[in-house]
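Here the structure is laid out as structure tokens; the discussion comes afterwards.
Derivation of every value follows stated rules applied to the coordinates shown; laboratory data play no part. A quick note: this is a predicted structure, and the numbers were derived from the prediction, not measured. Because the Cβ atoms are built from the backbone with ideal geometry, glycine has one as well, and the counts that use them run over all protein chains shown.
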Amino acid sequence: MKKLVLGVMMVMAMAAQAQNDAIAKFFSKYQNDESFSQVNVSGKMFSMMANLDSEKPEDKALFTAISKIKGLKILSKTETRNSRDLYKEAMAMIPTNDFEELMTIRDKDKDMRFFTKESGGKISELVMVMAGNEEFVLMTLFGEIDLKEMSKIGRAVNIDGLNNLEKIKDKDKNKKK
Amino acid sequence: MTRIFIFLLLASFVAEAQTKTTENLDKKYEGMSLFFYKNTLRMLNQQDNKEFDEMIKDIEKMRFVMIDKKKHAVPQGEYASLKKSYRAEQYEEMMTGRIDGRNFEILVREQSGRVKGTIILASDSSSLIVLDILGRIALEKASSLFNTIDQSTDVSKMIKNFVSGDKEKKKKRKEEDGVKVEVKDDN
């Protein structure tokens, strides 16, 4: 019985790893292509940002949310004619069994889709895929993610691409109406 | 412009290297090395940008080193080797990436939970740049500081003067001011 449980756990762990690998592979595929821009932010940086002093209670909630983020990766390409092909390629590699679609936005010429992955009842990864007529962005944020604080994190981190996280807040507002 | 230039020269007079890696890099390539103090950084903020002042408030001093890759044979592995050397000086990687063809790296050294030093490395086909900061900056704004230094008209002009200016003039100016800021002979 113990062997069976262990076996099931190992299969599940391998399946989860394979799904993470799918996104990692996409990053790896283009990381040496100089026509792409990329940013990797370590969990250490987020934990340092969370150590900032603030007396405002709302900032404390933000810092707590930031401290739980383990990393951020952004891959982008601008002035490109194949943005839609990249978008299709990225969408095809997102493991739909594991990721749930959070939101879809069409804004003028831009298509944007957000996906979340849950683990133990908490969001452990947020993926954003965006394509315009001449630009493409893939972003993945991982750790323990508090969606309520996402828009603030987007502003606090001040990194191109994260401003799109504001849209999550807008979505929440629309839901309440 | 002149006022900023004089301040930069005076500031550099008493400045010291922040890390051995940066010092060794400068010696190895005899590149351009500039020192900034909080006051001189404030002088760059001609438009009184409050965000910029906030960004530099915890910087004690900063060294800017630029190696012209067109003039020096910089090996391909130099960037990776620099990162390794900074890590050996207890610096940890905070952010890495490549934007518009320029690779960059932000590393931080902590002591007792406080940031003591920050390194911003940048490399593209034409130059290798190091910002060696004693103290801390808001990391999420590190790229803004880099851009300000990189794009500041005053600093750019100064760099241009240093790089393309007459060496004798520089030598004379250095002697007159008794300063440490210098662009060494590339030949």
Charge-dipole axis of region B:77-137 as Lys and Arg at +1 and Asp and Glu at -1 on Cβ define it, positive-most pick from B:134, B:120, B:99 = B:134
Once the dipole of region A:81-154 is set up from charges on Cβ (+1 Lys and Arg, -1 Asp and Glu), the residue from the list A:104, A:127, A:115 lying farthest towards its positive end is A:104
Of A:68/B:116; B:28/B:69; B:20/B:116; B:28/B:84; B:61/B:116, those spanning more than 19 Å from alpha-carbon to alpha-carbon | A:68/B:116
Along region B:114-120, what does the Karplus equation 6.51 cos²θ - 1.76 cosθ + 1.60 (θ = phi - 60°) give for ³J(HN,Hα), rounded to whole Hz, x for Gly and Pro?
-> 10, 6, 9, x, 9, 10, 10
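If the only charges are +1 at each Lys and Arg Cβ and -1 at each Asp and Glu Cβ, what is the size of the charge dipole of region B:23-76 around the Cα centre, to the nearest 20 debye?
Details: 11 positive and 10 negative charges, 60 e Å.
Dipole magnitude for region B:23-76 comes out near 280 debye.
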Over the whole of B:93-102, what's the average partner chain Cβ count within 10 Å per residue? Rounded to a whole number, please.
-> 6
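Return the subset of A:60/A:152; A:56/B:38; A:25/A:148; A:29/B:83; A:29/A:88; A:25/A:88 for which the Cα-Cα distance in this structure is over 18 Å, preserving the input order. Don't skip to the answer; put the middle values down first.
Values: A:60/A:152 12 Å; A:56/B:38 28 Å; A:25/A:148 29 Å; A:29/B:83 23 Å; A:29/A:88 15 Å; A:25/A:88 15 Å.
Over 18 Å Cα-Cα: A:56/B:38; A:25/A:148; A:29/B:83.
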Pair residue B:42, residue A:56: separation of 7 Å Cα→Cβ label points (nm) = 2.5 nm
